[in-house]
Amino acid sequence: MPPLRTALLQNSGHPGDPARNLKVLDEAAARAAADGAGLLVTAEMFLTGYAIGGGVRDLAEPADGPSGRAVADIAAAHGLAILYGYPERHAGAVHNSARLVGADGTELANYRKTHLYGCFERASFTPGETPVVQATVGELTVGILVCYDVEFPENVRAHALAGTDLLLVPTAQMHPFEFVAESLIPVRAFESQMYIAYVNRSGPEGEFDFVGLSCLAGPDGATCLRAGRGEELLLGDVDPKLLTTSRRINPYLRDRRPGLYTSLG
């Protein structure tokens, strides 16, 4: 299987202005596609901004709403899949969601964040109830989590057991928790034998200071790509051959003894 060139778009865009953020996405998709990318991943709440207070409910849209259709058009125009974060309105609730559209603009998956972080999120969103959401991009099985979700090892291991090759994690990681991007993400990739694309916001936004440090971590525990603190578009390859080799060498998943863990609940 050929590698999947993956682009990580680290920025905070224009909080409260989905139309301008769609322009940012279109420009990034053009650059990524020109460099051979088959997948572009954005940060948590990319479409609207994260620190927008009550604007979350005002700007929330259905997955297939006007902004969702605009993203689909961008993906189809540039011929690459796009994963973007947005506030989703569904059945009277608002979810912190991430939606994956294919290179032809069709929806491949939609995930609702299951673990909400802090007072702002718990006041603004309803948590999702589906822990493992997957799709196929190229020849890889792709899974989705959002930010705080990846800090629970159970979530990542569930994806590993379901066969996820590449875990996409749009995030809004803030100071002083840089260690999550720097240390925890490569460990998660190693212990569950997958690639993880962790894509953060950058710079101050409202009361938050987003630290950047987006990365692509591999199943060997190495960080293939690492952003700095500012806006960046990173490109790297997710290599199925490395996945196969690493999974053959690393015994974690084979050596598990699930019968001993039932008491963990």
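State all residues of region 216-254 that are in contact with a strand residue (DSSP E or B) (Cβ under 7 Å, 6 or more places away or on another chain) and β-branched (Val, Ile, Thr); if no residue qualifies, say none. Answer for region 216-254, where residues must be in contact with a strand residue (DSSP E or B) (Cβ under 7 Å, 6 or more places away or on another chain) and β-branched (Val, Ile, Thr): Thr223, Val238.
What tally of residues in region 28-54 results from selecting those that are in a loop (DSSP other than H, G, I, E, B), farther than 25 Å from Val150 by Cα and either charged (D, E, K, R) or at pLDDT 95 or above (or both)? Number of matching residues: 2. Counting only residues that are of a type in the set (A, V, I, L, M), outside any helix (DSSP H, G or I) and modelled with pLDDT of 95 or more, region 1-22 holds 4 of them.
Take region 201-210 and flag every residue that is within 10 Å of Gly230 (Cα to Cα) and out of contact with any Lys or Arg (no Cβ under 8 Å at 6 or more places or on another chain). Matches in region 201-210: Arg201 only. The set of residues from region 168-211 being open to solvent by 10 Å² or more (accessible area, probe 1.4 Å), over 22 Å from Thr244 (Cα atoms) and assigned to a helix (DSSP H, G or I) comprises Glu178, Phe179, Glu182, Ser183, Leu184.
For (1) touching a helix residue (DSSP H, G or I) at 6+ places or on another chain (Cβ under 7 Å); (2) open to solvent by less than 70 Å² (accessible area, probe 1.4 Å); (3) outside any strand (DSSP E or B), each residue gets a yes or a no:
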residue: Glu88; (1), (2), (3): no, yes, no
residue: Ala103; (1), (2), (3): yes, yes, yes
residue: Asn110; (1), (2), (3): no, yes, no
residue: Arg122; (1), (2), (3): no, no, yes
residue: Thr126; (1), (2), (3): no, yes, yes
residue: Ala135; (1), (2), (3): no, yes, no
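Of all the residues in region 212-239, those that are assigned to a strand (DSSP E or B), under 20 Å from Ala28 (Cα atoms) and open to solvent by less than 40 Å² (accessible area, probe 1.4 Å) number 7. Checking each residue in region 240-250 for being among the aliphatic types (A, V, I, L, M) and surrounded by fewer than 18 Cβ atoms within 10 Å (Cβ to Cβ) picks out Leu242, Ile249. The single residue among Leu25, Leu83 that is part of a strand (DSSP E or B) and open to solvent by less than 10 Å² (accessible area, probe 1.4 Å) turns out to be Leu83. How many residues, within region 137-156, are without any contact (Cβ under 8 Å) to a residue 60 or more places away in the chain, assigned to a loop (DSSP other than H, G, I, E, B) and buried (at least 16 other Cβ atoms within 10 Å of the Cβ)? The qualifying residues number 1.
The values are calculated or read from the model by the stated rules, or taken from the named source; none is laboratory data. Treat the numbers as computed from the prediction; the structure is a model and nothing was measured. Backbone-built Cβ (ideal geometry, glycine too); neighbour counts: all protein chains shown. Only protein heavy atoms, including side chains, enter the accessible area calculation; ligands, DNA and RNA are left aside. Shrake-Rupley method; radii C 1.70, N 1.55, O 1.52, S 1.80 Å.
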